[in-house]
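The values are calculated or read from the model by the stated rules, or taken from the named source; none is laboratory data. Nothing here was measured: the structure is a model prediction, and the numbers come from that model. Counting neighbours? That spans all protein chains shown, and the Cβs are built from the backbone with ideal geometry, glycine included.
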Amino acid sequence: MSEKKRFFKQYKFHLVLWLLIASGIILALQYGIDQKLVVFSTVILGIFTQVFAGLGALIAMVPIIGPFLVKIITIPFFWLINALGHGVSIVAIRKGYSKELVKSRVLTVAILVGIVIGYIMGNLIPLN
């Protein structure tokens, strides 16, 4: 089976969703639906259908520049989440929730370590 056929077979669900989301956005904006509502519904639909992960995989398939573009897009997202966590921590410390904060920070570190270990193992152990 050629690479193109295998790609379309593997990502046909994502391709259909991309087309539906794009046409839905265009139609919603043409009919004057509020832009905030369009963005919110697109993000929610994209998160629950994992269509953004498929789009990232499609971009990452471009040789040399693809993985670099995916990193440029995703790293600031994790920085933003980290900054929000620090902001919430400051508010929690001021309100007196320091014990709960320590528990949540330990859980966060454990999750991040698990993600890093999973990433390393995923690159070391091939699936095919």
(1) over 16 Å from the mean Cα position of the chain (by Cα); (2) without any contact (Cβ under 8 Å) to a residue 12 or more places away in the chain; (3) in a helix (DSSP H, G or I) all hold for Val62 apart from (3)
Every listed condition ((1) over 30 Å from Val106 (Cβ atoms); (2) more than 13 Å from the chain's Cα centre (by Cα)) holds for Val88 save (1)
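Listed here are the residues, each with its yes/no results for (1) in the same structural domain as Phe8 (by TED's automatic domain parsing); (2) among the β-branched types (Val, Ile, Thr); (3) at pLDDT below 85; (4) more than 24 Å from Phe8 (Cα to Cα).
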residue: Ala57; (1), (2), (3), (4): yes, no, yes, no
residue: Thr74; (1), (2), (3), (4): no, yes, yes, yes
residue: Leu84; (1), (2), (3), (4): no, no, no, yes
residue: Ser89; (1), (2), (3), (4): no, no, yes, yes
residue: Val102; (1), (2), (3), (4): no, yes, yes, yes
residue: Met121; (1), (2), (3), (4): no, no, no, yes
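Count, please, the residues in region 66-98 that happen to be touching a Leu at 6+ places or on another chain (Cβ under 8 Å) and exposed (fewer than 10 other Cβ atoms within 10 Å of the Cβ).
The qualifying residues number 0.
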How many residues of region 44-55 are touching a helix residue (DSSP H, G or I) at 6+ places or on another chain (Cβ under 9 Å) and over 18 Å from Gln10 (Cβ atoms)? The answer is 2
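Checking the structure you have, find out if any residue of region 32-43 is under 30 Å from Asn123 (Cα atoms) and within 21 Å of the chain's Cα centre (by Cα). First the steps, then the outcome.
From region 32-43, those under 30 Å from Asn123 (Cα atoms) are 43; that's our starting set.
If we keep only those that are within 21 Å of the chain's Cα centre (by Cα) as well, we get 43.
Yes, because at least one residue in region 32-43 is under 30 Å from Asn123 (Cα atoms) and within 21 Å of the chain's Cα centre (by Cα).
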Write out, first by first residue and then by second, each pair whose Cβ atoms fall under 6 Å of each other, whose residues are 6+ apart or on separate chains, and whose first residue, in region 1-25, is more than 17 Å from Ile44 (Cα to Cα) while the second is part of a helix (DSSP H, G or I).
Tyr11/Gly54
If Met121 meets every condition in (1) part of a helix (DSSP H, G or I); (2) surrounded by 10 or more Cβ atoms within 10 Å (Cβ to Cβ) apart from one, which number is that one?
(2)
